[in-house]
Structure formats: C-alpha cells, structure tokens
Amino acid sequence: LVMLLLFWAGSFWREDGEDKPKRAESIAGSQPEFCFSPASVPFRRIIYAAVAVLGIAAIWPAYAVYLENLHSRVDAAPRLEIAGLSDKWEINSEGIPRWKPKYIGATAQLLQHYRDSKRPGRAVDLYVSYYRNQQQGSELINSQNVLVAENELENKPESESRWRNIGHDTFPVSFGGQQQTINQNLIQSSSTRLLVWRWYWLGGEITASPYIAKLILARNMLLRKGDDGAEIIVAAAYDEAPDEAVPVLESFIADMVPLITSSLQNIPGH
C-alpha cells in the first residue's frame, strides 16, 4: 500500500521528455550507444516531490503508534469463561490426560472438559487461547504456538505421555448452516489418539488460514476495531479411525460454538 501511494505521488511530478536520445558511436565503432542528456527538472518540483514522499512514508509509523497507544488503554487481562451450557453437554471433571497445546503470551486461556449427558462415552476437550493488544511475543499468529512442542518431547521421561503430531489437513464443517473450512490434526501418545479441530476467531469472523487471519487483524486495526482474536481448539479421542470422532466433534460444534463465540464477543473491553 505504501509503495503504491509513493508511485502515485511521484506520478504528479513525472517528466515526460520529448527529446529523442542522441546516438553516438562506441570507441570500437562496432556497436551504437545511446546517450541521454539529463532532463531539466525545476528545483521547486523536486522539493514538492520530496515533501510528498516523506509525508506519505511518515503517516504509517505515526498511525501505528497511535493505534498501539489507543488499544493499550483497554483492560489487558479480561476473564474468559463460557456463558451457559447446552442441554446436551455438561462439564466433565476428567479430561484428556497430560495433553495441552502450547500458546505463548495469551491474554486469557480456557481449558474445559465436556461430556455428552445423553450419550455416555462421548467427550470433548475445549481449548481457547485469546489475545488482545497483540505485539511481538504475545500474538495469535506465532510459530511458537503449537499443539505439540517437539523440543519438549526429547526431554520427557519414558514414564510420561509423549504426544506427537502425526497428520494435518483441512476439513469442511458447518457453522450455523454455513460451511467453513477448519484445520484438522491427528495427535497421539502411547495410549491415546486424538482428532483435533481448530480455527481462528477474529472479532466475529472465522478462518483456518493464518495468512487471512493476519490480514483480518491488520484491517481491524486500521479501522480501529481492535485486534481481539482467539484460536479455538476442540479434541476428541478415537480408537481405530479418526472418523469415529467426527460425529462427536460435529455435535459439539453445533451445540456449543454459538455459546463460545458469544462469550468471546462479550468479553469486557471488546
């Protein structure tokens, strides 16, 4: 955007010379050369162009500082909790043993275990990492935010569960009647296999792409809508094939995602 504006500003002072270049023979006399005489540009135009370029270049750092100061005045430590329960899903005191995704610098995090009260044996773990006033080291889109920290696996004793990420792709899921593509991971330990679904929530918009999430965050910042964002992760166990956990996660999303997104939307200071 900055480069396009600079080119646009420079076009107002462009000099379209009408003089044709003069032809000159090279020293060897074998190939012709073209010699260009320097264009005569009024000094005042040069000054105007320089001022315009500096002005355009200075706007964006100043605006970025203004936005950072604006959002730093908002409460930086909101409390994240899901308002209400569905008729089907109830809080379960026991969850998936010893697994928790690693997300650094989150403003607030929620770890909740659920079970289907109408169909015993169905259980889902919910992880939400919420970010506000994002900056380097505490941002939603960060390469250090991972489902399984590989560097920690090597240091764990054999007696503890070692989780590994064994597969990743995308999967279409219905959100309130609308089809959305989310990220799907398969992780496992020596005793448990998990199907993990995850997606980004950005002020009411949903995407699975970190690149699109970055663009949405940048747009929201420029429009002074804030930089609130979260990654929502749901996980369910399976025995033989990941397809066993798909209906469990689909049922949970249909029942609980409206409550989750409503809770995110109504966090104080949003």
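Using alpha carbons only, what's the Rg to Rh ratio of the range 94-148 with Rh from Kirkwood?
1.10
On each of the three principal axes of the Cα atoms of the range 197-270, give max minus min coordinate, whole Å, ordered largest first.
47, 26, 13
Sticking to Cα atoms, compute the Rg of the range 183-236 to one decimal and its Dmax as the biggest Cα-Cα distance, whole number, in Å.
Calculated on Cα positions, Rg and Dmax stand at 14.4, 48 Å.
May I ask you to list the GluC sites (Glu not before Pro) in the range 166-265 that are in a DSSP loop and have at most 13 other Cβ atoms within 10 Å of their Cβ?
Answer by residue number: E240.
Need one number: nm distance between label points at A149 and S262, each 7 Å from Cα along Cα→Cβ, rounded to one decimal.
Between A149 and S262, the label points sit 3.6 nm apart.
Could you sort S129, S209, S190 by accessible area so the largest value comes first, with the probe set to 1.4 Å?
Largest to smallest exposure gives the sequence S190, S209, S129.
Kindly give Rg over Rh for the range 133-270, based on alpha-carbon atoms, with the Kirkwood expression for the hydrodynamic radius.
Radius of gyration relative to Kirkwood radius: 1.00.
To the nearest 10 square angstrom, how much accessible area does K118 have with a 1.4 angstrom probe?
Near enough 140 Å² of accessible area.
The values are calculated or read from the model by the stated rules, or taken from the named source; none is laboratory data. All of these numbers come straight from a predicted model, not from anything done at the bench. Quick reminder, even Gly has a Cβ in these numbers, built from the backbone with ideal geometry, and neighbours come from all protein chains shown. Only protein heavy atoms, including side chains, enter the accessible area calculation; ligands, DNA and RNA are left aside. Shrake-Rupley method; radii C 1.70, N 1.55, O 1.52, S 1.80 Å.
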